[in-house]
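The values are calculated or read from the model by the stated rules, or taken from the named source; none is laboratory data. This structure is a prediction, so every number in the text was calculated from the model and none was measured. Glycine gets a Cβ as well: all are built from the backbone with ideal geometry, and neighbour counts include every protein chain shown.
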Amino acid sequence: MSTFPPLPGYTLFPPAEGVRAVREGPDPAELALRESEAYFRSLVENARDVIHVINADGTTRYITPSVRHLLGYAPEELIGGTALDLVHPDDREEATAALRLDRYAPGAGRGLEFRMGHRDGSWRIFEGVGTNLIDDPTVRGVIVNARDITGRKRAEEETARLASFPRGTPSPILECDATGAIRYANPAAEHAMRELGVDSARLLLPEDHPRIVRRALESGAGVRDVEVGVGGRVLAWLYHPQPALGAVHLFGEDVTERKQAAARLFHDAMHDALTGLPNRPFFMQRLTAALVRHERGETTAPAVLFLDLDRFKVVNDSLGHHVGDELLVAVAERLRGCVREQDTVARFGGDEFAVLMEELEGPACAARVAERIAVAVAAPVNLSGYEVFTGASVGIALANGARDRPEYLLRNADMAMYRAKGAGGARYELFDRAMHAQALARLQMETDLRRALGRGEFILHYQPIIALSSGRIIGVEALCRWQHPQQGLIAPGDFIATAEETGVIVPLGEWVLEEACARLAEWRREFAHARIAMSVNLSARQFAHAGLVSHIRGTLAASGLNPRHLKLELTESVLVEGGGSAGALLGELKALGIDLQLDDFGTGYSSLAYLHRFPIAALKIDRSFVSGMEADNAAAQLVRTIVGMARGLRLRVTAEGVETAAQLAQVRDAGCDFAQGFLISPPLDAPSMRALLAADPRWR
Ligand code: C2E
Ligand code: MG
Ligand code: MG
């Protein structure tokens, strides 16, 4: 504890006349004074403020012990030192003036804030006032009374900062009382009111605002995402209860853009990007809802129309995807024009569309719409300068019972559509039970086919092909048969189509290839004179299968055959339906050294463009032309034309289905290279074919 320094003449300020009397000897008055002095001393020594007595020369004469607590120094360390050393250099000049530390400016100073350095290096903020008593002979110094206001300053700043947040935020903030009445609106809330053209903040809040306020206060929990639509915008409010204040604070956010983006995402997820029509998931939702309404007896039976464009692939492949897309958009527009407002037109992808019709007066009504659609779609469309014709095959399925499931209804419509397509397209078919029975039969057939394959019930027959120049056998075509345990030998015409539809053709085709290659290798080894090749049929479905090329390569390697001895027969549908990928695949096969032949030429698209574009080595003229040659001169002329064209494209030509000697002469005359048909030999089982090869016959 520092001792109070003896001031010249007086022990304590303010100097008073009475003090002098004290020195003259103890008497009651003096005792009272002494007590008073002790009292003041104790006051000063225990002051929370700093009382600083500064000499005229600027040195510290006295400083209260409180300095230890406030600035970390003991008074003894400071006494005698330059008083202003502790003041922040930037504040010194102003402090000197304000605290009247200037000896020539006696009197009371004004209050001032200044910083003083703490021993720990931090700066503390003081508020002080100085009294210049330099001219007072009893003091000859300046008394400064300073108070540490650092804590208070910090608190003030904090308050100011906190207050500035809600004011400064761009989000509307409101405060309301327990009844919901608004007590405060921040500038952003006022701004929002102006922007939205409402004159009361209440209009920014939902109808049931008072109820939400009550709920928030009662539960003590916030209520989030309270959305309100105002003037085309969407505000989302958070109700934050302040039970202690009997108030609720509301924090608002303009979520319009976010809502719009979410709505756009939802729309995109439910619509087809090209046509803007609902997509399959959306259609299924609508269909499900329609069936529920129907079940409840609220509506008549809904109908589903499923449609597929005829020849869309041809348009797409020949005129390009761009035109194909335009066609789809045009069809979408026409479809919309054919139905009522409440019906749903959807695009399922590719050239598949579906229509949902509700509140129908009856099946005839659905048929009328299907008819209208067939007519509308069949009208020519002008696209990028092309006049494009397409058609729609439409299948109709009607809900007819409480147990209709949406996917069944769609499947039925799909089945009916296939029927319409199979009947030549550009028409509609109504789904009936028979179709379902047929579908079941197909499923049974698929099971049977798979089982037959597993049991080895398939066999190959071989039909010789001769060179017309020499009359000798130059090849055989492998033709598949099903040796059915009950039904006997079944021709490929009765199972190949189903095998294709069900995918069984892939493993079946692999077996055919392996068997045919193994047989040929055997015959080539056995008969040195038999310089024959093997023709194997490939279906479009096999072309779509990724493992085709590697399987062919593997089979050739396993049999030890030269790829030149294998010929693959494909139909034009492979070229048309396979699109761009078929070209690459055929190129790969050609590169392997395998000849590719176009089977049944003349029955399909017979487009020169296809022949030109793909690496085809030979044509097989369909037997319908060959059989017509005898009676019909035009047919003979046609065969000659095909041969001439094939010559131009450097393609070899085989005449299929030669049944008579006259036909043989005619196809030879027409310039065909090879011939095949019952006249030469029907397809034979392996032992008979082997015998024929051994005999090495000639046909002249
Ligand atoms: P295709 O490839 O055009 O085979 C020729 C068909 O014509 C064979 O019928 C053959 O028996 C028949 N044929 C040959 N010469 C004559 C004739 O002078 N007159 C008459 N009327 N017919 C003749 P098949 O064996 O019934 O085969 C029918 C079709 O089944 C084949 O037509 C082919 O497209 C397909 N096919 C046969 N085997 C396979 C196979 O292993 N895989 C694939 N994908 N299809 C096959
Ligand atoms: Mg063939
Ligand atoms: Mg053929």
* In segment 126-151, what residues are out of contact with any Asp or Glu (no Cβ under 6 Å at 6 or more places or on another chain), charged (D, E, K, R) and at pLDDT 90 or above? -> Asp148
* **Complete set of residues in segment 604-635 that are within 18 Å of Val667 (Cα to Cα) and either surrounded by fewer than 20 Cβ atoms within 10 Å (Cβ to Cβ) or of a type in the set (Asp, Glu) (or both)** => Asp622, Ser624, Ser627, Gly628, Glu630, Ala631, Asp632, Asn633, Ala634, Ala635
* Leading residue by the ranking (surrounded by the most Cβ atoms within 10 Å (Cβ to Cβ)) among those in segment 138-183 that are without any contact (Cβ under 8 Å) to a residue 60 or more places away in the chain and among the hydroxyl-bearing types (Ser, Thr, Tyr) -> Thr150
* Does segment 496-514 hold any residues that are more than 42 Å from the chain's Cα centre (by Cα) and within 16 Å of ligand 2 (Cβ to nearest atom), and which are they? -> Val512, Leu513
* Inter-residue pairs, beta-carbon under 7 Å, first of a type in the set (Lys, Arg) and at pLDDT 90 or above and in segment 615-629, second assigned to a strand (DSSP E or B) and near ligand 1 (Cβ under 8 Å from one of its atoms), 6+ apart -> Lys620/Glu569; Lys620/Asp599; Lys620/Asp600
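For residues in segment 40-69 being part of a helix (DSSP H, G or I) and surrounded by fewer than 20 Cβ atoms within 10 Å (Cβ to Cβ), which is nearest to the chain's Cα centre (by Cα)? Break it down stepwise before answering.
Applying the first criterion (part of a helix (DSSP H, G or I)) to segment 40-69 yields 40-45, 66-69.
From what's left, surrounded by fewer than 20 Cβ atoms within 10 Å (Cβ to Cβ): 40-45, 68-69.
Working: Phe40: 83, Arg41: 83, Ser42: 81, Leu43: 79, Val44: 78, Glu45: 78, Arg68: 69, His69: 67 Å.
The selected residue is His69.
In this structure, does Glu190 turn out to be in a strand (DSSP E or B) and either in contact with a Cys (Cβ under 8 Å, 6 or more places away or on another chain) or at pLDDT 90 or above (or both)? Let's see the steps before the verdict.
On the way: in a strand (DSSP E or B): no; either in contact with a Cys (Cβ under 8 Å, 6 or more places away or on another chain) or at pLDDT 90 or above (or both): yes.
No.
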* The lone exception for Cys480 - which of (1) surrounded by fewer than 19 Cβ atoms within 10 Å (Cβ to Cβ); (2) closer than 30 Å to Gln666 by Cβ; (3) not charged (D, E, K, R) it fails -> (1)
* Members of segment 655-689 found to be crowded, with 20+ Cβ neighbours inside 10 Å, β-branched (Val, Ile, Thr) and near ligand 1 (Cβ under 10 Å from one of its atoms), listed by number -> Val658
* **Qualifying positions in segment 235-254 - surrounded by fewer than 16 Cβ atoms within 10 Å (Cβ to Cβ) and among the hydrophobic types (A, V, I, L, M, F, W, C)** => Ala244, Leu245
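Please give the strands (runs of 3 or more DSSP E) falling wholly within segment 470-573 in which 1 or more residues are closer than 16 Å to Glu457 by Cα. Talk me through it step by step, then tell me what you get.
Working: elements: 473-484, 488-490, 533-537, 566-570.
In segment 470-573, 473-484, 488-490 are the strands (runs of 3 or more DSSP E) which contain 1 or more residues that are closer than 16 Å to Glu457 by Cα.
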* To do: Hand me the list of strands (runs of 3 or more DSSP E) wholly inside segment 326-417 holding 2 or more residues that are in contact (Cβ under 8 Å) with a residue 60 or more places away in the chain and in contact with a Leu (Cβ under 9 Å, 6 or more places away or on another chain).
  => 344-349, 352-357, 386-388, 391-398
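Mind counting the residues in segment 539-582 that are within 15 Å of ligand 3 (Cβ to nearest atom) and at pLDDT 95 or above? Walk me through it before giving the result.
Initially, segment 539-582 is screened for residues within 15 Å of ligand 3 (Cβ to nearest atom), giving 539-540, 567-574.
Those left that are additionally at pLDDT 95 or above: 567-569.
Residues meeting the conditions: 3.
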* To do: Output the residue which, of all residues in segment 295-309 that are surrounded by fewer than 20 Cβ atoms within 10 Å (Cβ to Cβ) and of a type outside the set (Gly, Ala, Ser), is farthest from Gly362 (Cα to Cα).
  => Arg296
* Asked: In segment 483-497, what count of residues is obtained for those that are surrounded by fewer than 18 Cβ atoms within 10 Å (Cβ to Cβ) and more than 21 Å from Met689 (Cα to Cα)?
  -> 7
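Answer yes or no: is there a residue in segment 676-686 that is more than 16 Å from ligand 2 (Cβ to nearest atom), among the polar types (S, T, N, Q) and at negative phi.
Start the filter on segment 676-686 by keeping residues that are more than 16 Å from ligand 2 (Cβ to nearest atom), which leaves 679, 685-686.
If we keep only those that are among the polar types (S, T, N, Q) as well, we get none.
Checking segment 676-686: not a single residue is more than 16 Å from ligand 2 (Cβ to nearest atom), among the polar types (S, T, N, Q) and at negative phi.
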* Asked: Given the residues Leu585, Leu651, Leu598, Leu608, which is the only one that is modelled with pLDDT under 95, in contact with a strand residue (DSSP E or B) (Cβ under 8 Å, 6 or more places away or on another chain), within 24 Å of Leu319 (Cβ to Cβ) and not polar (S, T, N, Q)?
  -> Leu598
* **Number of the exception - Arg525 against (1) touching a helix residue (DSSP H, G or I) at 6+ places or on another chain (Cβ under 7 Å); (2) free of Cβ contacts under 8 Å to residues at least 24 places away in the same chain; (3) not small (Gly, Ala, Ser)** => (1)
* To do: Out of Phe678, Phe601, Phe674, report the one residue that is in contact with a Ser or Thr (Cβ under 6 Å, 6 or more places away or on another chain) and of a type in the set (A, V, I, L, M, F, W, C).
  => Phe674
* Just checking, which of Asp622, Asp632 is within 16 Å of ligand 3 (Cβ to nearest atom) and under 30 Å from Thr660 (Cα atoms)? -> Asp622
* Asked: Looking at segment 646-670, which of its residues are within 16 Å of ligand 2 (Cβ to nearest atom), touching a residue at least 60 places away in the same chain (Cβ under 8 Å) and farther than 13 Å from Phe601 by Cβ?
  -> none
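Could you say whether any residue in segment 301-311 is out of contact with any strand residue (DSSP E or B) (no Cβ under 9 Å at 6 or more places or on another chain) and assigned by TED's automatic domain parsing to the domain that holds Gly422? Spell out how you get there, then give the answer.
Filtering segment 301-311 down to residues out of contact with any strand residue (DSSP E or B) (no Cβ under 9 Å at 6 or more places or on another chain) leaves none.
Looking through segment 301-311, none of the residues is out of contact with any strand residue (DSSP E or B) (no Cβ under 9 Å at 6 or more places or on another chain) and assigned by TED's automatic domain parsing to the domain that holds Gly422.
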* With respect to Ala557, determine if the residue is farther than 26 Å from Glu500 by Cα, more than 16 Å from ligand 2 (Cβ to nearest atom), touching a strand residue (DSSP E or B) at 6+ places or on another chain (Cβ under 8 Å) and of a type in the set (A, V, I, L, M, F, W, C). => no
* **Any chance Leu479 is touching a residue at least 12 places away in the same chain (Cβ under 8 Å) and within 16 Å of ligand 3 (Cβ to nearest atom)** => yes
